[in-house]
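Beneath this line is the structure, given in structure tokens, with notes to follow.
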Amino acid sequence: MKLSTRGRYAVMALADLAARKAQKPVPLAAIATSQNISQEYLEQLFARLRRAGLVESVRGPGGGYRLSRDPESIFVIDIIRAADEPLQVTRCADGDGVLGCQNGEACITHELWSALSRQICNFLSHITLGDVVERRNLALAAEVRRTSALTPHHTAHGGAAREKEDA
């Protein structure tokens with residue numbers, strides 16, 4: 001898996017920000033010290049995260065950053081993508097084998113690595129920043145979200161059972 005420090009540091013920084021549960025903005029210097037990441041590097045990351053709508057900046061004395069929405073609605077995949085981090089497991093130039101990874105064709109293990117890449121993206125698409133900060137069982141959280149997304153939601157009294165009776 002090709003995930004550089006940019007994606008990891010973005011997740012770490014936002015997890016730090018979320019864990020503080022601060023109503024007031026948090027200076028990047030505080031996150032830099034807490035996570036042992038250079039403040040200059042964080043400034044670059046937070047510019048990307050702000051453009052993606054994941055954080056808000058407040059200028060002036062007492063300024064800093066805060067999450068733009070609840071940690072339960074921010075998915076890890078969104079943070080990694082906002083950091084402009086490619087999630088690529090294959091060695092293909094384009095990541096999906098269209099250009100090929102070996103003499104213009106997909107190599108013999110392409111489907112293995114491609115499937116793994118899809119699994120990783122799927123997992124990260126079902127894990128929220130809240131899950132990370134609350135130290136939940138991430139595999140269970142992802143599975144619950146994945147299966148609930150596949151199951152039709154019924155808000156009427158009686159739900160699916162009532163629909164069967166009406167049929």
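Conditions (1) closer than 30 Å to His110 by Cα; (2) in a helix (DSSP H, G or I); (3) in contact (Cβ under 8 Å) with a residue 40 or more places away in the chain; (4) not hydrophobic (A, V, I, L, M, F, W, C), marked per residue:
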{"position": "Arg6", "(1), (2), (3), (4)": "yes, yes, yes, yes"}
{"position": "Leu14", "(1), (2), (3), (4)": "no, yes, yes, no"}
{"position": "Ala30", "(1), (2), (3), (4)": "no, yes, no, no"}
{"position": "Tyr41", "(1), (2), (3), (4)": "no, yes, no, yes"}
{"position": "Arg50", "(1), (2), (3), (4)": "no, yes, no, yes"}
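Against the conditions (1) at pLDDT 85 or above; (2) under 23 Å from Val26 (Cβ atoms), Ile120 satisfies every one except (2).
For the range 37-50, does any single residue satisfy the condition of being among the acidic types (Asp, Glu), in contact with a helix residue (DSSP H, G or I) (Cβ under 7 Å, 6 or more places away or on another chain) and surrounded by fewer than 16 Cβ atoms within 10 Å (Cβ to Cβ)? Scanning the range 37-50, I find at least one residue that is among the acidic types (Asp, Glu), in contact with a helix residue (DSSP H, G or I) (Cβ under 7 Å, 6 or more places away or on another chain) and surrounded by fewer than 16 Cβ atoms within 10 Å (Cβ to Cβ), so the answer is yes. Working only within the range 52-65, note down all residues that are in contact (Cβ under 8 Å) with a residue 12 or more places away in the chain, more than 19 Å from the chain's Cα centre (by Cα) and part of a loop (DSSP other than H, G, I, E, B). Within the range 52-65, Gly62, Gly63 qualify. With respect to being farther than 20 Å from Gly130 by Cβ, in contact with a Leu (Cβ under 8 Å, 6 or more places away or on another chain) and part of a helix (DSSP H, G or I), Glu72 falls outside the description. Could you list all residues from the range 21-32 that are surrounded by fewer than 16 Cβ atoms within 10 Å (Cβ to Cβ) and under 17 Å from Gly63 (Cβ atoms)? Selection gives Ala22, Gln23, Lys24, Pro27, Ala29.
The values are calculated or read from the model by the stated rules, or taken from the named source; none is laboratory data. A quick note: this is a predicted structure, and the numbers were derived from the prediction, not measured. FYI the Cβ positions are ideal-geometry reconstructions off the backbone, even for glycines, and counts take in every protein chain you see.
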